[in-house]
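The values are calculated or read from the model by the stated rules, or taken from the named source; none is laboratory data. Everything numeric here is computed off the predicted structure, so don't read it as measured data. Here Cβ is always computed from backbone atoms with ideal geometry, including for glycine, and neighbour counts include all displayed protein chains. Ligands, DNA and RNA are excluded from the accessible area calculation, which covers all protein heavy atoms including side chains. Shrake-Rupley method; radii C 1.70, N 1.55, O 1.52, S 1.80 Å.
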Amino acid sequence: MPAPALVESPANQFAADISAGLQKAGQKELPSKYLYDTLGSKLFEVISELPEYGLTRADERLLRAYAHEIMHHIPRDVMVCELGSGSGRKTRWILETLSRRRRLDYFPIEISATALAVCRRELSDIESVGIVGLEREYLDGLLEVAARRRDGQHILVLFLGSTIGNFSPPADANFLHEIRMILQPGDSLLLGTDLEKPIPQLIDAYQDALGVTAAFNLNLLARINRELDADFALEQFEHIAKFNAGTRGVEMHLRSKLRQTVAIRRANLVVTFEEGETIWTENSHKYSLAEVSRMVEAAGFRCQAQWIDREWPFAESLLVAE
Ligand code: AVI
């Protein structure tokens, strides 16, 4: 009889990923997806209201202004699936517009149960939209949606807010390719990408005056304390944001203010940090339009239409699977 497969629980996976990231030779790092526990998701909502952080408002402005145009490119019989719905607020414009033509099902996919609950609450008043939240990793959720497709039905995937930029190149292109492999020709992907802008503006956006982004970043250590019985002293780390000119991304780090040792009991790990050493917690890539074109074409999509916000350079691209 074959040995039973080992199923990783989310807590074990979290411990394994934290342990691997903090033992990396050279630059220590933590996966940015773990920034979004209940508290982290709420702090991100506050970030998107900050005057310095124009990304979410640009995304929402475009969706609101062009929802009708977007709809004209989408087949009538469509199921809408969103990777990382967040609060769902900016999705409202798309769902309201599409559901005026005919009833539709909307599948938000999130690893955060809290974000899914907020999304359901935010959007449940829209008539003619059935909401089926999937608490999954993005591609697992998308596979599940694809399995529910009826004959002749199309899928519209929403991947908004430039979350793609948090997959450092070339992982961004690879991820789009994986999405493409699940879709069928004629399905669509609405992709939001944050565009290049002056470096001081970017640094302000990720190192805001109120310190909300700092709290968002430090919460990752607090989360490890809470969930993995660790003893990070938060006041001994500081948030920094810097622009990496080589990769053209804003990096968030947590810098150790002194030499210190931290125990993470549930990961069976003791880690030493040198004074000034950093943990890299997130990359937020800033795209050029030419780069977006190359990336989507290499992944097997054709760009059918594109809308750009001039106030905060940001692009919404409607892609069709070829
Ligand atoms: C979710 N993502 C697109 C945000 C970004 O801008 O990269 C996450 C974020 N990190 C700090 N501020 C916002």
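Show me the trypsin sites (Lys or Arg not before Pro) within the stretch 216-309 that DSSP assigns to loop and that have at most 12 other Cβ atoms within 10 Å of their Cβ.
Details: sites: Arg223, Arg226, Lys242, Arg248, Arg255, Lys257, Arg259, Arg265, Arg266, Lys286, Arg294, Arg302; in loops: Arg248, Lys257, Arg259, Lys286.
Those satisfying the criteria are Arg259.
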Length-normalised contact order of the chain in % [C-alpha pairs under 8 Å, at least 6 apart]: 21
Of the GluC sites (Glu not before Pro) in the stretch 37-74, those whose Cβ has at most 15 other Cβ within 10 Å and which sit in DSSP loop: Glu49
Whether the stretch 33-88 is rounded, prolate or oblate, judged on the alpha carbon gyration tensor where a/c under 1.5 counts as rounded: oblate
Counting DSSP beta bridges with both ends in the chain, the antiparallel % (nearest 5): 65
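In deg cm²/dmol and to the nearest 500, what is the mean residue ellipticity at 222 nm of the chain if only DSSP H runs of at least 4 residues count, each as -39500 (n - 2.57), divided by the residue total?
-11000 deg cm²/dmol
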Cα lying deepest toward the dipole's positive end in the stretch 164-322, options Pro200, Phe216, Leu189, charges on Cβ: Phe216
Size of charge dipole - the stretch 65-164 - debye, nearest 20, with Cβ of Lys, Arg +1 and Asp, Glu -1, no other charges: 300
Computed magnitude of the charge dipole of the chain (debye, nearest 20; Cβ of K, R +1, Cβ of D, E -1): 460
Average accessible surface area per residue within the stretch 144-222, 1.4 Å rolling probe, Å²: 38
Residues of type lysines that Lys42 reaches as a straight line, Cα spacing below 25 Å, ignoring anything fewer than 8 places off in the same chain: Lys33, Lys90, Lys242, Lys286
GNM top mover of Ala298, Ala290, Ala263 - the chain, alpha-carbon springs below 10 Å: Ala290
Share of carbon and sulfur in the accessible heavy-atom surface of the chain [1.4 Å probe, %]: 52
Tensor-based shape of the stretch 1-80 (alpha-carbon gyration tensor, a/c under 1.5 rounded, otherwise prolate or oblate): oblate
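For the stretch 141-201, what is the charge dipole size about the Cα centre, in debye to the nearest 20, if Lys and Arg each add +1 at the Cβ and Asp and Glu each add -1 at the Cβ?
Dipole of the stretch 141-201, to the nearest 20 debye: 160 debye.
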